[in-house]
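First the structure, in the form of structure tokens, and then the observations on it.
The values are calculated or read from the model by the stated rules, or taken from the named source; none is laboratory data. As the structure is a computational prediction, the values presented were derived from the model and not from experiment. Cβ coordinates were reconstructed from backbone atoms using ideal geometry, including for glycine residues, and neighbour counts include every protein chain displayed. Note: accessible area is taken over every heavy atom of the protein model, side chains too, but ligands, DNA and RNA are not part of it. Shrake-Rupley method; radii C 1.70, N 1.55, O 1.52, S 1.80 Å.
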Amino acid sequence: MKTNQITDFMQIAILQAQKAFQKGEVPVGAVIVQDGKVIAKAYNMREKKQNALLHAEILCINHACKKLHSWRLENCQMYVTLEPCPMCAGAIVNARLSKVTYACKQNTSSDNLFEEILQSNRLNHTCAFCQDKKYERQSSSLITDFFKSKR
């Protein structure tokens, strides 16, 4: 396969976000990849399950841990449509993911808390991260459209 893998994996995350949108969930989707293959994917399920912890990233980490029979996801990368919140950033570091690529930034991310958590010397692991701006507008529009539909 000669296509840009970041693009392919982010497209899968966007499809997950679209599923969330259709189900009345905040449209965030996540994918975890190991050795160039998707091993887990998820979308937000807080409303359906009435559980504040069920963010796409947390669910995706859970699926990947089950698939690999390990909580250590050291050779795995996450692709997510929205910059992870502090709870998810902590889970990403604790799961030992090697890298996170996100499509759009949180509206409230001017404090760089996501970056600080992923790079904190206080934790046993650090995680690389980057923004895939190619999908920023598409991911941001999904979230904007979702909240407009709720007003």
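Please go through segment 97-151 and pick out each residue that is more than 16 Å from the chain's Cα centre (by Cα) and more than 22 Å from Ala17 (Cα to Cα).
Correct list: Ser110, Asp111, Asn112, Glu116, Gln119, Ser120, Asn121, Arg122, Leu123, Asn124, His125, Thr126.
One residue is enough: does segment 99-109 have a residue meeting the conditions over 15 Å from Gln131 (Cα atoms), in contact with a strand residue (DSSP E or B) (Cβ under 9 Å, 6 or more places away or on another chain), open to solvent by 20 Å² or more (accessible area, probe 1.4 Å) and not in a helix (DSSP H, G or I)? Quick ask: steps written out before the conclusion?
Let us first name the residues in segment 99-109 that are over 15 Å from Gln131 (Cα atoms), namely 108.
Retained after the next criterion (residues that are in contact with a strand residue (DSSP E or B) (Cβ under 9 Å, 6 or more places away or on another chain)): none.
Checking segment 99-109: not a single residue is over 15 Å from Gln131 (Cα atoms), in contact with a strand residue (DSSP E or B) (Cβ under 9 Å, 6 or more places away or on another chain), open to solvent by 20 Å² or more (accessible area, probe 1.4 Å) and not in a helix (DSSP H, G or I).
Any idea which of Val26, Val38 is out of contact with any Leu (no Cβ under 6 Å at 6 or more places or on another chain), within 23 Å of Arg137 (Cβ to Cβ) and not in a helix (DSSP H, G or I)?
Val26
When the residues of segment 130-150 are filtered to those that are of a type in the set (Gly, Ala, Ser) and free of Cβ contacts under 8 Å to residues at least 40 places away in the same chain, which remaining residue is farthest from Phe9 (Cα to Cα)?
Ser149
Hey, among the residues in segment 61-90 that are within 9 Å of the chain's Cα centre (by Cα) and under 16 Å from Ser139 (Cα atoms), which one's surrounded by the fewest Cβ atoms within 10 Å (Cβ to Cβ)?
Of everything passing the filter in segment 61-90, Glu83 is surrounded by the fewest Cβ atoms within 10 Å (Cβ to Cβ).
May I ask you to list pairs of residues, at least six apart or on different chains, whose Cβ atoms are under 8 Å apart, with the first in segment 83-104 being more than 12 Å from Leu73 (Cα to Cα) and among the polar types (S, T, N, Q) and the second being in a helix (DSSP H, G or I) and open to solvent by 10 Å² or more (accessible area, probe 1.4 Å)?
Taking only residues 6 or more apart or on different chains, the pairs are Thr101/Ile6; Thr101/Phe9.
Do any residues in segment 118-129 that are surrounded by 15 or more Cβ atoms within 10 Å (Cβ to Cβ) have Cβ atoms under 6 Å from those of residues that are assigned to a loop (DSSP other than H, G, I, E, B) and not β-branched (Val, Ile, Thr), where the two are at least six apart or on different chains, and which pairs are they?
Pairs that qualify, where the first residue is surrounded by 15 or more Cβ atoms within 10 Å (Cβ to Cβ) and the partner is assigned to a loop (DSSP other than H, G, I, E, B) and not β-branched (Val, Ile, Thr), are Leu118/Cys127; His125/Arg96; Cys127/Leu97.
Inside segment 32-60, can you point out the residues that are buried (at least 24 other Cβ atoms within 10 Å of the Cβ), within 19 Å of Cys130 (Cβ to Cβ) and without any contact (Cβ under 8 Å) to a residue 40 or more places away in the chain?
Glu57, Cys60
On the given criteria, is Ala64 closer than 20 Å to Ala13 by Cβ, small (Gly, Ala, Ser), in contact with a Ser or Thr (Cβ under 8 Å, 6 or more places away or on another chain) and at pLDDT 95 or above?
no
Please work out if Ala52 is part of a strand (DSSP E or B) and closer than 26 Å to Lys150 by Cα.
When the stated conditions are applied, Ala52 does not pass them.
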